[in-house]
Amino acid sequence: MAHPKTEQTLVIVKPDGIQRALIGEIIGRYERLGLKLVALKMLVPTEAMIEGHYLLDPNWKKNVGTKAIESYTKKGEKPPSSDPIEVANLVVERLKRYMTSGPVIAMVWEGAHAVELVRKITGGTEPRSASIGTIRGDFVVDSYQMADSDNRAIRNLIHASGSVAEATMEIPHWFASGEITNYRVPHEATLYDSDIKSILG
């Protein structure tokens, strides 16, 4: 079984993150945690690439639609439809417009529990309800209510894989295997070596 330190996750800085000059801040948050950047590219994705990304998981539409409806209901707001697939189709169309509106930066981060920890630092999907101290909670004011009023996707700076299985599907969608670099950085010894006394030489 692979060591947890080799876990990888996909992170995409969305067009609004780039336009707001938050690239360094976002990368810095993950680096300070101790994660290692092993792949990075800037591109303007096509609609087909974005649709393909969100539909890698055949259950994505049902899951996203259901969660969205639950979120509306919890806040006492009316969802755009009671059908999860209809809601998800609306989400996909908005995401395609949003994610192709400018360049994005796609990255692969590696380290112990990378998927879970990146999600924790990134914060909840809706910036309005994301915790202070997370990237979305600290830097974005958007909400589902505003996004729906403007018929657009919520602007939340970042996509981060939601699970190890999701990351395993998403990373090859954005990166060829040769674009991911295997290397070591000094702080890995402090984080992962079984005997930290080795730092004394």
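What follows draws every value from the coordinates through simple rules; no lab data is involved. Note that this is a predicted model, so its numbers are computed, not measured. Positions of Cβ are generated from backbone atoms using ideal geometry, with glycine treated the same way; all protein chains shown enter the neighbour counts.
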Exercise. With the contact rule set at Cα under 8 Å and sequence spacing of 6 or more, what percent relative contact order holds for the stretch 115-180?
Worked result: 29
For this session: When a/c is below 1.5 the answer is rounded, else prolate if a/b is larger than b/c, else oblate, so apply that to the stretch 5-60 with a ≥ b ≥ c taken from the square roots of the Cα gyration tensor eigenvalues.
Result: oblate
Exercise. With a 10 Å Cβ neighbour count serving as the proxy for reagent exposure, in which order, fewest first, do Arg29, Arg155, Arg20 appear?
Worked result: Arg20, Arg29, Arg155
For this session: Whole Å is fine, so just give me how far the alpha carbon centre of the stretch 152-177 lies from that of the stretch 29-67.
Result: 2
For this session: Round to the nearest 0.05 the FRET efficiency obtained for Glu25 and His187 when R0 = 22 Å and r is the Cβ-Cβ distance.
Result: 0.65
Exercise. When you take every Cα atom in the stretch 1-115, what is the radius of gyration, and what is Dmax, the widest Cα pair distance, in Å?
Worked result: 16.6, 46
For this session: Could you line up Met49, Met42 from fewest to most neighbouring Cβ atoms inside 10 Å?
Result: Met42, Met49
For this session: Enumerate the lysines that Lys14 could reach by cross-link, defined here as Cα to Cα under 16 Å, with residues fewer than 8 away along the same chain left out.
Result: Lys41, Lys96
For this session: Largest first and to the nearest Å, give the Cα extent of the chain along each principal axis.
Result: 63, 35, 34
For this session: For the chain, set up a Gaussian network in which alpha carbons nearer than 10 Å are linked by springs, and say which option among Pro172, Pro15, Pro127 fluctuates the most.
Result: Pro172
Problem set entry | Net charge contributed by nearby residues that have their C-beta within less than 12 Å of Ala160 (K/R +1, D/E -1) | +2
Seminar exercise, completed: Around Thr46 (Cβ within 14 Å, Cβ-to-Cβ, excluding Thr46; K/R +1, D/E -1) the net charge comes to 0
Exercise. Counting other Cβ atoms within 10 Å, which chymotrypsin sites (Phe, Trp or Tyr not before Pro) in the stretch 143-201 have at most 14 and lie in a DSSP loop?
Worked result: Tyr183
